[in-house]
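Asks: Have a look at this one before I ask anything.
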Amino acid sequence: MLTGLCPLCDARIQLEADVLPGELVECPECAMELEVVSTHPIRLAEAPQEEEDWGE
Amino acid sequence: MAERRVSIVGGSGYTGGELLRLLLFHPRVTLVQVTSERFAGKPVYRVHPNLRGVTQARFCSLAELEPCDTLFLCLPHGKSMEQMPRFQRLAGNIIDLSGDFRLATPEAYQKWYGRPHLYPELLGEFVYGIPELYRRNIQQARYVSGAGCNATAVILALYPLFQQQLVYPERTVVEVKGGSSEGGNSPSEASHHPERNGVVRSYKPTGHRHIGEIEQTLGHPVHLSATALGIVRGILATCHVFLKQPLDEKSIWRIYRNAYGSEPFIRMVKERKGIYRLPEPKLLVGSNFCDIGFERDAGGNRLVVISAMDNLMKGAAGQAVQAFNIMHRFPETLGLEFPGLHPV
Amino acid sequence: MAERRVSIVGGSGYTGGELLRLLLFHPRVTLVQVTSERFAGKPVYRVHPNLRGVTQARFCSLAELEPCDTLFLCLPHGKSMEQMPRFQRLAGNIIDLSGDFRLATPEAYQKWYGRPHLYPELLGEFVYGIPELYRRNIQQARYVSGAGCNATAVILALYPLFQQQLVYPERTVVEVKGGSSEGGNSPSEASHHPERNGVVRSYKPTGHRHIGEIEQTLGHPVHLSATALGIVRGILATCHVFLKQPLDEKSIWRIYRNAYGSEPFIRMVKERKGIYRLPEPKLLVGSNFCDIGFERDAGGNRLVVISAMDNLMKGAAGQAVQAFNIMHRFPETLGLEFPGLHPV
C-alpha cells in the first residue's frame, strides 16, 4: 500500500500499490474527490467537479 | 476487572433513566439500587417506559440506600451537596451529574447557582468529567463531577483553539440550540405541547449557567446564547471565533486531528458531499458521539466551529459512564457502543 | 455455534442500512459484502452517516458478489426474484426483505404487485418471516421472506383473535399510521419537506398492498387504510374487531398472554396510569419490540386492538435478524437487545 496526503485536510490516504496517475480516490475524512497526479512520489490534487446543490 | 456494584441516586428523571438504561446493559455493572422519593416501591419502567419487559427493578427511597462501589448522583442542583458526606460514607467512588461540584470555587458557585456552597472543602476532590480533556485525572479520581451538556458541546468545540491561543477569546460568540429534554420531566406552562411544539425559543439569550464551566475550562468567558427548538434530544453549538492569524483549512484539520484524532467518541464531520456535511444532532440520539465540524469565513478571520451531541448521552449519562469506565480501567467504550440511528 | 459469513444485497436503502447497523454489531456475524450499484466503491457511511467512524466497509457492485453463508436481499420488489437463481447458487440461506416471495401463489402476486411472478416454483420454498407465528418452520427453513411492516403490525395484533374465530372477520377495519421512512430514500414531490412535514396524509385509504399478506395469514381480508404522519419511523395500527361473544377484559388478557406470553419481542401494554398507557411507536424506535394493547368498547361488541413498532426494525431489518438467529440456532435476541430510548 502507498500513502498519500489529502491536499485539503491532510488526512493520510491508503492507496493500492498499483494505483495509476489519473485515478480518482475519495478522502476518507473530508469526502473530497481527489485525482492521483503522480505516483512517485504520490501526489493528490482536487479532482475537477462542480459542488452538488445541497438543496437549501 | 471485577464487576462494580453500582447504585443511582435520583433515578426517576430523564438523566437517571438514561443512566439506568446504560448500566442495565453494562457487562461489568451490577445495579444495586435506584432511588426515587416520589416513586419508591414502584417498578422503574413506570417512569421509564422503554424499560418495560427489560427489567423488574423497583425504585427505593434514599433512606434505604446501602453501601456500594460507585454512586451515580442524579439529584437536582443543591440536593447533591446537601448529602455529600453521607454519600461519601456509602461509596468509594462518586459520579455527580448535578452542577454542585463542577465549579472549582465557592464564589463561582454562588455566582452561577445563586446559593452558597455547603462543602467548599470538597470542591477540590471532584474532577471535572470531560474525558477528552482530563482522562489522566479521571483515572486517578475518587470523585468525578459530570459536565453540563451545553458546556461539554462548547468546550469540546473550542478547546484546541483556546489551548493554542489561536483566537481572540473575548470576541467568541456561541449559540447553543437544544431540545426539550434539557428541561427535565416536570411539566410547566412553557412546556405544554401547544405552546412548546415547533418553537424557536430564545430562552436564555444571556446569563446561561454553563458559562461558568466554560470560562473555568477555556480560561475565558464566552458570549453564550441558548435557543430551544422543537426537538426532544440534541444539541448543536454554533461557535463563532476570530483567528489571530489566518489559518488554511488543512491546518485547522491538523489542529483538531492532533487534539481528537484518537478519541473514540469524537468524530470530525466536514464533508463536501452528501446530506449530512456538518454535524447533525438527530443522527447522534442515543449515541455517545460528539461530532465536530468547521467552516472558515473566506471574507475575514472568522471561523465557525460546529459541534453536535445528544444532551442526555455525551451531555450527561453517556459521558458519566465513559468516566466510570476510565475510573475502573474498563475499555472506555464499554456499554457505549450504540452508534445512533438513521434515518430518524 | 460458528460465525456466519453474511452479505447484504442492496445495502444503500434505509432497510439495508438498518440491517448493516445490526449485523456490524452482531457477535456471530462476519459481514462479507454490501452491494449497491449506485454507490459501489464508496464507504457505506457515505449513505449511512450514523456509521461514520464505526466501519470502513465499502459498497461493491452486484457483479462482484461472492459466495457466503447467508444472503440478505434488500432489493426493490421485482428485482429480488429476477436474480433468485443466482442468489441460490451463492448462499445456502437467503432472507429476502422484498415482497417477491411473501405471497404463496403467483395469482396473489399478480394481484398485489401487478406483474407476473418469474419463479412461481420457488414460492413454496420461502417461509413467511414472522417468528411469533412460524418459529418452527423458520428453524427448518433455507429461505425466509421478510414480512411487510404494516402487515406485521396488523397480523400480530389480530392473529390470536382470528385463530380462535372470536370475531366476525369480514367486519374488521384497520388503520395503520406510519412515518416517512416507509417510502424509502428516494425523494419525490410528495416527500419534499415543506409538503411532507406535519401532514396527516391519507395516502392509501384502500388497496394497500399489504392486505395480500394479511389475508393470506389471518385467512380473511381486512378493510385497511394507511395514513402517513409527520414522523420518520414508527407504525401504530388501530384495529377495530367485532366480537361474536362478549369477552371481559380478563379473558382478552388471557388470550394474548397465551399467544405471546413467552415471546421476547412482544410486550402487552395496557395500563391504567402513566403517560404511555397504550402502545407508543416513538418509544420503540431502534428496538425490535412490537407492543400490543386493547380496549373494549363498553357500549357494544367492538374491541379496539392497538399495536406499535419501528417499521425499519420489527417491520423489516430487526425481524429479519430475528429470523436469522432462529435459522442458525442463535439466541433469538442476539444483536437485538437495544430497548429503545426515552424521552425521544
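The values are calculated or read from the model by the stated rules, or taken from the named source; none is laboratory data. In this text the structure is predicted, and so the values were computed from the model without any measurement. With ideal geometry, Cβ positions are generated from the backbone for all residues, glycine too; neighbour counts draw on all protein chains shown.
Asks: Out of all the residues in segment B:25-46, which are in contact with a helix residue (DSSP H, G or I) (Cβ under 7 Å, 6 or more places away or on another chain) and either outside the structural domain of B:PHE87 (by TED's automatic domain parsing) or aliphatic (A, V, I, L, M) (or both)?
Replies: Of everything in segment B:25-46, those that are in contact with a helix residue (DSSP H, G or I) (Cβ under 7 Å, 6 or more places away or on another chain) and either outside the structural domain of B:PHE87 (by TED's automatic domain parsing) or aliphatic (A, V, I, L, M) (or both) turn out to be B:VAL29, B:LEU31, B:VAL34, B:VAL44.
Asks: Within segment C:308-333, which residues are buried (at least 24 other Cβ atoms within 10 Å of the Cβ), in contact with a Pro (Cβ under 9 Å, 6 or more places away or on another chain), of a type outside the set (S, T, N, Q) and under 23 Å from C:VAL127 (Cβ atoms)?
Replies: Those that are buried (at least 24 other Cβ atoms within 10 Å of the Cβ), in contact with a Pro (Cβ under 9 Å, 6 or more places away or on another chain), of a type outside the set (S, T, N, Q) and under 23 Å from C:VAL127 (Cβ atoms): C:MET309, C:ASP310, C:LEU312, C:ALA323.
Asks: So, one more: State which residue pairs qualify: first residue farther than 17 Å from B:VAL321 by Cβ and touching a residue at least 24 places away in the same chain (Cβ under 8 Å) and inside segment B:144-155, second residue in a helix (DSSP H, G or I) and of a type in the set (Ser, Thr, Tyr) in any location, beta carbons under 8 Å apart, and separation of 6 or more residues or different chains.
Replies: Between residues of segment B:144-155 that are farther than 17 Å from B:VAL321 by Cβ and touching a residue at least 24 places away in the same chain (Cβ under 8 Å) and residues that are in a helix (DSSP H, G or I) and of a type in the set (Ser, Thr, Tyr), the close pairs are B:ALA151/B:THR217; B:ILE155/B:THR217.
Asks: Can you tell me which of C:GLU107, C:GLU132 is of a type in the set (D, E, K, R) and out of contact with any Leu (no Cβ under 9 Å at 6 or more places or on another chain)?
Replies: After applying the criteria, what remains is C:GLU107.
Asks: Need the failing condition index for B:HIS220 against (1) in a loop (DSSP other than H, G, I, E, B); (2) within 14 Å of chain A (Cβ to nearest Cβ), just the number.
Replies: For B:HIS220, the exception is condition (2).
Asks: Identify, please: which residue in segment B:311-344 is within 14 Å of chain C (Cβ to nearest Cβ) and of a type in the set (Val, Ile, Thr) and is, among those, nearest to C:PRO49 (Cα to Cα)?
Replies: B:VAL344
Asks: Checking the condition buried (at least 18 other Cβ atoms within 10 Å of the Cβ), of a type in the set (Val, Ile, Thr) and at the interface with chain B (Cβ under 10 Å from one of its Cβ atoms), which residue from C:VAL305, C:VAL269 passes?
Replies: Exactly one residue qualifies, and that residue is C:VAL269.
Asks: Restricting to segment B:223-240, name every residue that is in contact with a helix residue (DSSP H, G or I) (Cβ under 6 Å, 6 or more places away or on another chain) and either of a type outside the set (Val, Ile, Thr) or in contact (Cβ under 8 Å) with a residue 60 or more places away in the chain (or both).
Replies: Correct list: B:LEU224, B:ARG233, B:GLY234, B:ILE235, B:LEU236, B:ALA237, B:CYS239.
Asks: Right, next: Step by step: first the residues of segment B:31-54, then only those that are assigned to a loop (DSSP other than H, G, I, E, B) and buried (at least 18 other Cβ atoms within 10 Å of the Cβ), then the one that is farthest from the other protein chains (Cβ to nearest Cβ). Which residue is that?
Replies: B:SER36
Asks: Follow-up question, since we're still on this one. Scanning for something within 24 Å of B:SER287 (Cβ to Cβ) and either within 14 Å of chain B (Cβ to nearest Cβ) or modelled with pLDDT of 95 or more (or both), does segment C:75-86 turn up at least one residue?
Replies: No, the conditions are met nowhere in segment C:75-86.
Asks: Every residue in segment C:150-185 that is within 14 Å of another protein chain (Cβ to nearest Cβ) and part of a helix (DSSP H, G or I), please.
Replies: C:SER180, C:SER181, C:GLU182, C:GLY183
Asks: Scan B:LYS244, B:LYS177, B:LYS250 and give me the residue that is in contact (Cβ under 8 Å) with a residue 60 or more places away in the chain, of a type in the set (D, E, K, R), assigned by TED's automatic domain parsing to the domain that holds B:SER307 and surrounded by fewer than 17 Cβ atoms within 10 Å (Cβ to Cβ).
Replies: Answer to the selection: B:LYS244.
Asks: Go through segment A:13-30 and report how many residues are of a type in the set (A, V, I, L, M, F, W, C), under 9 Å from the mean Cα position of the chain (by Cα) and buried (at least 16 other Cβ atoms within 10 Å of the Cβ).
Replies: Selection size over segment A:13-30: 3.
Asks: Scan segment C:289-326 for residues that are touching a residue at least 12 places away in the same chain (Cβ under 8 Å) and under 17 Å from the mean Cα position of the chain (by Cα) and report the count.
Replies: Total satisfying the criteria: 24.
Asks: Kindly list the number of the only condition in (1) within 11 Å of chain C (Cβ to nearest Cβ); (2) crowded, with 17+ Cβ neighbours inside 10 Å that fails for B:CYS68.
Replies: With (1) within 11 Å of chain C (Cβ to nearest Cβ); (2) crowded, with 17+ Cβ neighbours inside 10 Å applied to B:CYS68, the lone miss is (1).
Asks: Inside segment C:1-49, can you point out the residues that are in contact with a His (Cβ under 8 Å, 6 or more places away or on another chain) and free of Cβ contacts under 8 Å to residues at least 12 places away in the same chain?
Replies: Result: C:PRO49, single match.
Asks: Go through (1) over 28 Å from C:SER145 (Cβ atoms); (2) of a type outside the set (Asp, Glu); (3) out of contact with any helix residue (DSSP H, G or I) (no Cβ under 8 Å at 6 or more places or on another chain) and name the single condition C:PRO279 misses.
Replies: (1)
Asks: If you check C:LEU133, C:LEU122, which single one turns out to be part of a helix (DSSP H, G or I), within 30 Å of C:GLY261 (Cβ to Cβ) and of a type in the set (A, V, I, L, M)?
Replies: C:LEU133
Asks: Got at least one residue in segment B:144-157 being surrounded by 19 or more Cβ atoms within 10 Å (Cβ to Cβ), hydrophobic (A, V, I, L, M, F, W, C) and more than 16 Å from B:GLY315 (Cβ to Cβ)?
Replies: no
Asks: Looking at segment C:228-236, can you tell me whether even one residue there is touching a Leu at 6+ places or on another chain (Cβ under 8 Å), buried (at least 17 other Cβ atoms within 10 Å of the Cβ), aliphatic (A, V, I, L, M) and not assigned by TED's automatic domain parsing to the domain that holds C:ALA320?
Replies: Checked segment C:228-236: no residue is touching a Leu at 6+ places or on another chain (Cβ under 8 Å), buried (at least 17 other Cβ atoms within 10 Å of the Cβ), aliphatic (A, V, I, L, M) and not assigned by TED's automatic domain parsing to the domain that holds C:ALA320.
Asks: Please determine, by comparing only the residues of segment C:287-302 that are within 11 Å of chain B (Cβ to nearest Cβ) and crowded, with 24+ Cβ neighbours inside 10 Å, which one is nearest to C:GLU337 (Cα to Cα).
Replies: C:PHE289
Asks: Which residue, of C:SER202, C:SER191, C:SER262, is small (Gly, Ala, Ser) and touching a residue at least 12 places away in the same chain (Cβ under 8 Å)?
Replies: Just a single option satisfies the conditions, and that option is C:SER202.
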